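Asker: Quick one: structure below, then a few questions.
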Amino acid sequence: MSTELLKDALDFDLLADVFVTESISASPAELHGQLCGYLASGVRLPLEDWLTMVVEFCDIGSWKEEASRRVIVELYTATLTLFQNGDYGLVPTIADEDAPLSERGLTLAQWSHGFLAGYGLSGRKENLSEETKQVLRDFANVSSMQADMQDLEDSNDNEADLTELVEYARLSAMMLYSEHHDVQLDAEQRNSNLVH
């Protein structure tokens, strides 16, 4: 499956619609962050365990719609595949570019909070590299900015800063994942990564 099709499964609005259908009050961005943090920690997360985590996170007994469960399965599959294929195609599930800057900033802070929670839930706390510790500190800083993000005004400077933060989060998650897993780059991807 192409990277673009995989990214479609990470669409914030798609996940938000599931949360509305299922009467879930939690943040879709935080849920995806939790998945990314757990996977990036290097601990294996089978699909069934992920589905159990989602039900607990969302505080629901079961799915009202089978289509909702399918979206959650696709979120897991796409995220894991984007981590594994090594083309650095993973993107945080946050509000898209049509949303106000404040909403995009808030959802990035929620994603960062989820990432920390997922990393913590994995139980991986020993022998962390200095880079990993720094990334986790940075994510904690972004997570603590939820109130500030809600007041973020639309401006070119703020837009540039937020774009940079999103890119940092994306690349940092991939870096942490690649510390613990072999990623499968094909020759073309290896060559294009050398150019960047």
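Throughout, read-outs are computed from the coordinates displayed, never taken from laboratory work. Predicted model only: the values in this text are computed from it and were never measured. Glycine also receives a Cβ, built like all others from the backbone with ideal geometry; neighbour counts cover every protein chain displayed.
Asker: May I ask you to list the lysines whose Cα is less than 21 Å away from that of LYS125, ignoring any residue fewer than eight positions away on the same chain?
Answerer: Leaving aside lysines fewer than 8 places away in the same chain, those within reach of LYS125 are LYS133.
Asker: Arrange the following residues from fewest to most other Cβ atoms within 10 Å of their Cβ: GLU30, GLU22, GLU167.
Answerer: GLU167, GLU22, GLU30
Asker: Turning to a different aspect of this structure: Just grab the label-to-label distance for ASP98 and SER23, each label 7 Å out from Cα along the Cβ direction, in nm (one decimal).
Answerer: Result for the modelled spin labels: 2.8 nm.
Asker: Let me ask you something else. At most 14 other Cβ atoms within 10 Å plus a DSSP loop assignment makes a site exposed; report the longest stretch of the chain without any exposed trypsin sites (Lys or Arg not before Pro). List each step's numbers first, then the result.
Answerer: On the way: sites that count: ARG44, LYS64, LYS125.
That gives 126-196 as the longest site-free run.
Asker: Oh, and also: For the modelled label position 7 Å from the Cα of ASN127 along Cα-to-Cβ, which residues of the range 17-53 have backbone nitrogen atoms closer than 14 Å?
Answerer: So the set is 42-43.
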